[in-house]
Amino acid sequence: MRKLSSRELRRMQSKLLGSLGLDVREQNVAKEVLIRLPDKDVIIKEPTVVVLQVGDEKVYQIIGGEVSEQKPRVSEEKAPTYEPTPEDITIVALQAGVSEDEAKRALIEVGGDLAKAILLLKSK
């Protein structure tokens, strides 16, 4: 029996799966496939990607390519903390009838919403 090339094998696979009602399409060579796992990133450069359509679901098959692994990049961008303006602090303090320190804490707690800060202070 002669050895079949990978192209011939894929054609045979496509015909067999097609006869079972499954749609197989080769997506050519991808530039890169990135798989993010909790503890590492797996990078596959220039693999062949095949999509198998099974009903409403798609199955992606990644074939070949140069595989490398690396630790995942952690990019935690902290949102800047809100710092109320002196004018806002004065307005809230006067409207709620509290000290400026209390008004400042309330403004920080509600993220700078003057009306919410006043209501919060008046409800205490």
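Near residue 84, within a Cβ-to-Cβ distance under 11 Å, what is the net charge of the other residues, with Lys and Arg +1 and Asp and Glu -1? Mind dumping the intermediate values first?
Working: positive: 104, 105; negative: 83, 87, 88, 100, 109, 113.
Taking every Cβ under 11 Å from that of residue 84, the sum is -4.
Which one of 18, 30, 60 is farthest out on the positive end of the charge dipole of the chain, using unit charges on Cβ (Lys, Arg +1; Asp, Glu -1) and the Cα centre as origin?
Farthest along the dipole direction, towards plus: 18.
Quick one: what do you get for the chain if you divide its Cα Rg by 2.2 N^0.38 Å?
In units of the 2.2 N^0.38 Å rule of thumb, it is 2.19.
How big is the shadow of the Cα convex hull of the range 1-64, averaged over all directions, in nm²? Walk me through the intermediate numbers first.
Values: hull surface 23.9 nm².
Over every viewing direction, the Cα hull of the range 1-64 projects on average to 6.0 nm².
Highest first, please rank the peptides 8-17, 104-113 by the mean number of other Cβ atoms sitting within 10 Å of their residues.
Ranking the peptides 8-17, 104-113 by packing returns 104-113, 8-17.
Placing unit charges on C-beta atoms (Lys and Arg positive, Asp and Glu negative, everything else neutral), compute the dipole magnitude of the chain about its Cα centre in debye, rounded to 20. Show your work: numbers first, answer last.
Working: 20 positive and 21 negative charges, 228 e Å.
Roughly 1100 debye for the chain.
Length gain on complete extension for the stretch residue 59 to residue 36, per 0.36 nm per residue less the alpha carbon to alpha carbon distance?
Value of the extension gain: 6.6 nm.
Nearest 0.05, what FRET efficiency do residue 101 and residue 71 give at R0 = 41 Å with Cβ-Cβ as r?
About 0.40, to the nearest 0.05.
Using a Cα distance threshold of under 16 Å, what count of lysine pairs results for the chain when pairs must be 8 or more residues apart or interchain? If you can, show how the numbers build up before the last one.
Details: 31/45; 40/71; 104/116; 104/122; 104/124; 116/124.
Lysine pairs satisfying the spacing and distance rule in the chain number 6.
Could I have the simple spin-label model distance between residue 122 and residue 46, label points 7 Å from Cα toward Cβ, reported in nm to one decimal?
If labels sit at residue 122 and residue 46, their model points lie 7.0 nm apart.
Given only helices, namely DSSP H runs of n ≥ 4 each adding -39500 (n - 2.57), what is the per-residue ellipticity at 222 nm of the chain, to the nearest 500 deg cm²/dmol?
So the calculated ellipticity at 222 nm is -10500 deg cm²/dmol.
Show me 94-103, 31-40 ranked by packing, highest mean number of other Cβ atoms within 10 Å first.
Highest-to-lowest ranking by the protection proxy: 94-103, 31-40.
What does the charge count around residue 37 come to, taking other residues whose C-beta lies under 11 Å from its C-beta (Lys +1, Arg +1, Asp -1, Glu -1)?
Overall, the nearby charge balance is 0.
No value in this document is a laboratory result; all are computed from the given coordinates. Predicted model only: the values in this text are computed from it and were never measured. As a convention, Cβ positions derive from the backbone with ideal geometry for all residues, glycine included, and neighbour counts pool all protein chains shown.
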